[in-house]
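Here is the structure we will look at, set down as structure tokens.
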Amino acid sequence: MSAESPKSAQVVRMSLMYRVQHLLLMVTLLVLALTGFTLMYHENWLGRTLIRLEGGVLFRGFIHRAAAVLLMAQLVYHAFYMLFSREGKREMRDVLLRRQDFDDFLQAIRYNLGLAGEYPRFGKYGYKEKFQYWGATSGVFLISVTGVILWVETFSMKFLPKFVLDLTLIIHGYQGLLLFVILLFWHVYNEHLHPSVFPMNMAWLTGKVEVEWLRQEHPLEYEKLKQEGII
């Protein structure tokens, strides 16, 4: 670090384990979105085109279920990693929602409206990252549960009334679509297209960010790492 200029110096933000988890989540959600969209809109030209590209109706179902199993396995592994590993426990403390996050959210709104003189200062994760994380986590859990119910529909009908299955189908389809849209637009913009990182934040590939970026975007984390002698 000492041989580098302050602006070019970098610090680790995502470990290899989190980069692998992030990549697997990105791939499985993309596959699920495409195959799920095909089923939801199979009657229009785009849905029929995707079905042909996916090898037909039966193979589409196989791809969707295989990706679903992988997604659920990731969810379980991630939960255990966050709760029981040393790194996971540390990340869990950083990503937990606190009263300060909601205060920061309101202050950011006031700042953007010209009603506050200072933008909130964030630690490792600000309210945007935390909202995205918990929104994505709860969304993945919800589509996993509803997906399993629909997967074993015949078995589910023995215990659940039909309106519950109809509601489950709606929730599964539109929750999946909502999750994909949020990740596609909100997450991609904030993490890659925002002026502070455009054209891309390379942390998801290299695990590192520039110290100067950290100082500007996450000043409390920058000050913490500086006190620890990491930067």
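The values are calculated or read from the model by the stated rules, or taken from the named source; none is laboratory data. Predicted model, so just to flag it, every value in this text is computed and none were measured. Cβ coordinates were reconstructed from backbone atoms using ideal geometry, including for glycine residues, and neighbour counts include every protein chain displayed.
Kindly provide the set of residues from the range 185-205 that are surrounded by 13 or more Cβ atoms within 10 Å (Cβ to Cβ) and either outside any helix (DSSP H, G or I) or without any contact (Cβ under 8 Å) to a residue 24 or more places away in the chain (or both), ordered by number. Listed by number, the residues that qualify are Val188, Glu191, His192, Leu193, His194, Val197, Asn201, Met202. Condition check for Leu179 on (1) within 27 Å of Ala73 (Cα to Cα); (2) surrounded by 14 or more Cβ atoms within 10 Å (Cβ to Cβ); (3) modelled with pLDDT of 85 or more: one failure, at (3).
In this structure, does Phe163 turn out to be assigned to a helix (DSSP H, G or I) and either over 23 Å from Leu39 (Cβ atoms) or of a type in the set (A, V, I, L, M, F, W, C) (or both)? Yes.
Of the residues making up the range 85-130, those that are surrounded by fewer than 17 Cβ atoms within 10 Å (Cβ to Cβ), among the aromatic types (Phe, Trp, Tyr) and part of a helix (DSSP H, G or I) number 3. Per the conditions (1) in contact with a Phe, Trp or Tyr (Cβ under 8 Å, 6 or more places away or on another chain); (2) at pLDDT below 90; (3) β-branched (Val, Ile, Thr), the sole criterion not satisfied by Ile170 is (1). The residues of the range 154-168 that are closer than 20 Å to Met40 by Cβ and exposed (fewer than 13 other Cβ atoms within 10 Å of the Cβ), listed by number, are Lys162, Phe163, Asp166. With respect to (1) without any contact (Cβ under 8 Å) to a residue 40 or more places away in the chain; (2) closer than 30 Å to Glu129 by Cβ; (3) touching a Ser or Thr at 6+ places or on another chain (Cβ under 8 Å), the lone exception for Ile63 is condition (2).
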